[in-house]
Amino acid sequence: MRALMDFWRGNVPLSRAFWAWGILGGALVSALFSIVALILLVNGAPGWLASLIFAAHIPWNIVLLIGVWRSSERSEASREVATAARLAMAVWVIVLSLV
């Protein structure tokens, strides 16, 4: 829980926040929810339930965006790198939320 709070507050180095939490963590959580939603559909669960499970990862994606954004504000990286990380994470969060 402490690691999550450190991430949320931006107290994680930008490289770790971006790659470990944002890219890898976001992909794993989104894939897990997508797989569970597909399993539910294949087994005859109502479409609304599968849709709800699929969309359940979206709040996590917002947490990822905020954590990376805050880490980029505190980063010792150049302004260009911090801006690129913010933009890339914003695009990644949109992709994760739609796929």
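The label point for N11 and the one for A45, both projected 7 Å from the Cα toward the Cβ, are 3.6 nm apart.
Each other residue within a Cβ distance under 13 Å of G67 adds +1 if Lys or Arg and -1 if Asp or Glu, for a net charge of +3.
How large is the charge dipole for the chain, taken about the Cα centre, if only the Cβ atoms of Lys, Arg (+1) and Asp, Glu (-1) carry charge, to the nearest 20 debye?
Working: 7 positive and 4 negative charges, 35 e Å.
About 160 debye.
In the list [x] -0.42, -0.62, -0.87, -1.09; [y] -0.38, -0.61, -0.97, -1.29; [z] -0.36, -0.53, -0.76, -0.99, the label attached to log10 I(q)/I(0) by the Debye sum over Cα atoms at q = 0.11, 0.14, 0.18, 0.22 Å⁻¹ as derived from the coordinates here is [z]. Ranked by the mean number of other Cβ atoms within 10 Å of their residues, highest first, the peptides 39-50, 20-31 fall in the order 20-31, 39-50.
Scanning the chain for long hydrophobic helices, with DSSP H runs required to stretch 18 angstrom or more by C-alpha along their axis and to average at least 0.5 on the Kyte-Doolittle scale, returns 26-42, 79-98.
Just so you know, all these numbers are worked out from the coordinates, no wet-lab data involved. Treat the numbers as computed from the prediction; the structure is a model and nothing was measured. Every residue, glycine as well, gets a Cβ built from its backbone with ideal geometry; the counts of neighbours run over all protein chains shown.
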